[in-house]
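Please read the structure below before turning to the comments.
The values are calculated or read from the model by the stated rules, or taken from the named source; none is laboratory data. In this text, all values refer to a predicted model and were calculated from it rather than measured experimentally. Note: ideal-geometry Cβ built from the backbone for every residue, glycine included; neighbour counts use all protein chains shown. Accessible surface areas use protein heavy atoms only, side chains included; no ligands, DNA or RNA. Shrake-Rupley method; radii C 1.70, N 1.55, O 1.52, S 1.80 Å.
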Amino acid sequence: MTDPSSAQPAPTGCPAHTDAVRLAGLEYQQTPSQLYRAMRREHGAVAPVLLDGDIPAWLVLGYSEVTYVTSHDELFARDSRRWNQWENIPADWPLLPYVGYQPSVLFTEGDEHRRRAGVITQALEGVDQFELARNCQLIADRLIADFAGSGQAELMTGYAHALPMRAVVQMCGMPTSGEDTQQLVEDLRISLDAAEGDDPVAAYGRVGERLRQLVKDKRESPGPDVTSRMLLDPAGLTDEEIVQDLISVIAAAQQPTANWICNTLRLLLTDERFAVNVSGGRLSVGEALNEALWLDTPTQNFIGRWAVRDTQLGGRQIRAGDCLVLGLAAANTDPQIWPEAHVGAENAAHLSFSNGEHRCPYPAPLLADVMARTAVETLLERLPDLVLSMEPETLTWRPSIWMRGLTALPVQFTPVVQ
């Protein structure tokens, strides 16, 4: 593979120049793959873009370029305090929960990042995957029982979001139901994927307050959960460090996994390769889960990396302090890796869990797979004649440039008497 930093397919320039693309609008929300193709044709593998409030940045579209950026922390680092745009960022900027520096594992570098990520890895390794699968199946059965007798359901809110939410908070030592837990999950959604009228900055503050109470409780009375294992780790993280890292763990596990479940169900219910007979079709649920990561990855874009010094990437002149948005969805569908526009469902080299030292820590992807696979397989086993209750082309996506998830997935089936 050639070094993306030395390629010269496109003209150089500042991300604020006149042909920068705004990362907003209906086209981006509903058909981003078409926009990625158009941007790639016009700008190459690295495109100048404008974030909320017309703040300039770079969107890295190429698979090789995203891989290069995430593999070279000495050039493209995670500490957002390097950003050369902070003087232009208002206090209520909606993307602050993404990029405002926090003492979290997300923004650490070098030895400190390895220390913090190591604590998370050890805590997650303590999760028994077979026990998690059993818990997810029990959660799935309870959720399905709530709507099985009606013959219809809206799976996005009633199933796909609810299952990983309950599983994740249970892993962290919180109750799986109750107003407190529901508010935490809603605030996480707002802080990471705000809709019109939401206040993501305030929501992020409430998330921190709830998790501070959880850490305090577990410090006094530890249990067999992720939070307690982080507190007891010999690395000796402070309570605030654990709070910030728990936010990262829960946010990364809940909403992306929910979208992964729902995007896979959409594929199973709308693609003729699966729809003939999902449970006995030509392709397996596992292949559908993997294909969804390639074609409709739950995290479309991730912000980001900040250039440590002036450098070149994809023919662009990147200045020290420039922000780079990782175009995970665009990279996964890069024609350079799929020249015939065919995604092999058996290939797992996607970038959906990112890449390099800052990728999702092991075994987080395995735990997400357990939750998603159990959710999909249990639903199809309990409701084998599940079908969409609307035309596939009328399904709509949430208005987000960051997450890829449906607004709703309505289905119908033969009612099941409990």
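Could you sort 311-322, 405-416 so that the peptide with the highest average Cβ count within 10 Å comes first and the rest follow in order? Kindly include the intermediate steps, with their values, before the conclusion.
On the way: 311-322: 20.1, 405-416: 16.8.
Top to bottom by mean Cβ count within 10 Å: 311-322, 405-416.
Give the ranking of V185, V215 by solvent-accessible surface, highest area first, calculated with a 1.4 Å probe.
Working: V185 20, V215 0 Å².
Listed by decreasing accessible area, they come as V185, V215.
Run the numbers on the chain and let me know its relative contact order in percent, using alpha-carbon pairs under 8 Å that are six or more apart. In percent, rounded to a whole number, it is 27. Computed over the chain, the P(r) curve from all C-alpha pair distances, binned at 20 Å from the origin, holds 26, 58, 15, 0 percent per bin. The modelled label-to-label distance for the pair Y101/R382, using points 7 Å beyond Cα in the direction of Cβ, is 4.7 nm.
In whole Å, what three semi-axes, largest first, describe the equivalent ellipsoid of region 25-91 built from its Cα gyration tensor (square root of 5 times each eigenvalue)? Could the numbers behind the result be given before it?
On the way: eigenvalues 101, 74, 17 Å².
The three semi-axes for region 25-91 are 23, 19, 9 Å.
Could you tell me which of rounded, prolate or oblate describes region 122-202, using a ≥ b ≥ c as the square roots of the eigenvalues of the alpha-carbon gyration tensor, with rounded for a/c under 1.5 and, failing that, prolate when a/b is larger than b/c and oblate otherwise? In terms of gyration-tensor shape, oblate. Of all beta bridges that DSSP places with both ends in the chain, some 80 percent have antiparallel geometry.
Counting protein heavy atoms only, the chain has 51 percent of its accessible area on carbon and sulfur, 1.4 angstrom probe. Counting 0.36 nm for each residue step from E220 to T157 and taking away their Cα separation leaves a gain of 19.2 nm. In this simple spin-label model, placing a label point 7 Å from the Cα along the Cα-to-Cβ direction at both T394 and N84 gives a separation of 5.0 nm.
As a length-normalised measure over Cα pairs under 8 Å and 6 or more apart, the relative contact order of region 20-87 settles at 25 percent.
May I ask you to give the solvent-accessible area per residue for the chain, in square angstrom, as obtained with a 1.4 angstrom probe? Could you put the intermediate results ahead of the total?
Details: 17660 Å² over 418 residues.
Heavy-atom SASA per residue in the chain reads 42 Å².
For region 197-336, the orientation-averaged shadow of the C-alpha convex hull comes to 14.0 nm² (one quarter of the hull surface).
Each label was represented as a point 7 Å from its Cα along the Cα-to-Cβ direction; for Y362 and E186 these points are 4.0 nm apart.
Length gain on complete extension for the stretch S71 to E272, per 0.36 nm per residue less the alpha carbon to alpha carbon distance? Write out the running numbers ahead of the final one.
Details: separation 201, 0.36 × 201 = 72.36 nm, distance 3.79 nm.
Computed gain between S71 and E272 is 68.6 nm.
The solvent-accessible area of D128, taken with every protein chain present and a 1.4 Å probe, is close to 70 Å².
Going by the alpha-carbon gyration tensor, a ≥ b ≥ c the square roots of its eigenvalues, is region 294-418 rounded (a/c under 1.5) or, if a/c is not under 1.5, prolate (a/b greater than b/c) versus oblate? Each step should come with its number before you reach the end.
Values: a/c = 2.41, a/b = 2.11, b/c = 1.14.
Judged from the Cα gyration tensor, region 294-418 comes out prolate (a/c at least 1.5, a/b above b/c).
In this view, the solvent-accessible surface of D54, computed with a 1.4 Å probe and all protein chains in place, comes to about 70 Å². Summarising the overall dimensions of region 222-262 from its C-alpha atoms, the Rg and Dmax are 12.4, 38 angstrom. Calculation over all alpha carbon pairs of region 17-146 in 5 angstrom steps from 0 returns a P(r) of 2, 8, 11, 14, 14, 14, 12, 12, 9, 4, 1, 0 percent.
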